[in-house]
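What follows is one structure encoded as structure tokens, with my remarks underneath.
No value in this document is a laboratory result; all are computed from the given coordinates. Quick caveat: nothing in here was measured; it's all calculated off a predicted structure. Here Cβ is always computed from backbone atoms with ideal geometry, including for glycine, and neighbour counts include all displayed protein chains.
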């Protein structure tokens, strides 16, 4: 089976889950699956996907996994005790192939559904590539990987101090392939590889698990906060209350970067270690963030800028050179790292669409990244944050 550990997930799902347990355990949510590519049909593998999800829902956290989580200073004991009893429920996931159209929805308590997203995406991706796409050429995949490694080694001669994290779980070619890549990177680029977002591989290979929050934390605040216009501040404030200085990277594009900068005042600028860019032009984003810090009289050279939007290694190195000495660049590289093996990967996502029965949405800085079926609500959201 594809998923054999509940730690085979991104860290930010667990960090958000802890925040949900402590602050919003009553919240009800809905997520929907979407493929951004036209003409991709998952109906032939729907039964296999369902079987894999059924297996996922039989898993429990093992003692050694809980003991590992205890070594992370921001994981609290009451949350770990909750995980000791935790099990995913397959009844919260509904797969349909009506009219030969694949759909997948996740509906239920936020606390009990938040861990579904990443493993289900990994399942869909791996089943699709195993059963529909041609057999991969792993030797070619390794050649591509070593081209990236050699590129980074060359950059090290520039004293660039390039640092990156594996962000590739959700769209990886396979679990085994991701594990092989991480082992090779750890051996070949020990000074450049910061860690991995995948908690299981971090535990297995002695790496740092990396992650803070995802868009859903800020999106849910649209329904959970007292006022829509202040929902982004509400989300950031509650994150700070939960982690008290740990995990201090703020996600900047949920409501669009303009709205983020309006909310990211001196209090948040000094409170958070930095920000993450996940849509829009990275050079423009970084320049504007540095200028924002300058206006607030905050030294941008002490702050972290995490870039994570569809990066390749040449693009990441270009960004790193551009910002050297002005801010601390860091990079989360996903699909280009773990699925650069069989031609074009599929662009699949699972996004929260409702919270407490009300629509929620993301206003992205990149076309095609918005996901909201309620156009009237999306228009209203844009008007509030414009």
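Quick notes on this structure:
- Residue of 307, 260, 167 that the Gaussian network model of the chain assigns the largest fluctuation, springs spanning Cα pairs under 10 Å: 260
- If the segment from residue 281 to residue 157 were pulled out straight at 0.36 nm per residue, it would be longer than the present Cα-Cα gap by 41.9 nm.
- Three-way shape call for segment 301-386 based on the alpha-carbon gyration tensor, with the a/c threshold at 1.5: oblate
- For the options 148, 297, 34, a Gaussian network treatment of the chain with springs between C-alpha atoms closer than 10 Å singles out 297 as fluctuating the most.
- What the Cβ-Cβ distance of residue 205 and residue 383 gives, at R0 = 45 Å and to the nearest 0.05, is a FRET efficiency of 0.40.
- The packing ranking of peptides 83-89, 26-32, highest mean first, is 26-32, 83-89, where packing means the average number of other beta carbon atoms within 10 angstrom of each residue.
- Pair residue 315, residue 356: separation of 7 Å Cα→Cβ label points (nm): 3.7
- Relative contact order %, the chain, counting alpha carbon pairs below 8 Å whose residues are six or more apart: 23
- Computed lengthening from residue 36 to residue 89, 0.36 nm per intervening residue step minus Cα-Cα distance: 16.4 nm
- Global geometry of the chain, whether rounded, prolate or oblate, following the gyration tensor of its Cα atoms and the 1.5 cut on a/c: rounded
- The relative contact order of segment 307-346 comes to 50 percent, based on Cα pairs under 8 Å that sit 6 or more residues apart.
- Cα centroid separation, segment 216-251 to segment 39-92 (Å): 24
- Packing, taken as the mean count of other beta carbons within 10 Å per residue, orders the peptides 282-290, 47-55, 149-157 from highest to lowest as 282-290, 47-55, 149-157.
- Stretching residue 60 away from residue 1 to a fully extended chain increases their span by 19.7 nm, per 0.36 nm per residue minus the current alpha-carbon distance.
- Using the Cβ-Cβ distance between residue 266 and residue 140 with R0 = 45 Å, the FRET efficiency computed as 1/(1 + (r/R0)^6) comes to roughly 0.35.
- Relative contact order computed over segment 56-186 (Cα-Cα under 8 Å; 6+ residues apart), in percent: 19
- The chain: most fluctuating residue of 325, 108, 211 per GNM, C-alpha cutoff 10 Å: 325
- Tensor-based shape of segment 138-338 (alpha-carbon gyration tensor, a/c under 1.5 rounded, otherwise prolate or oblate): prolate
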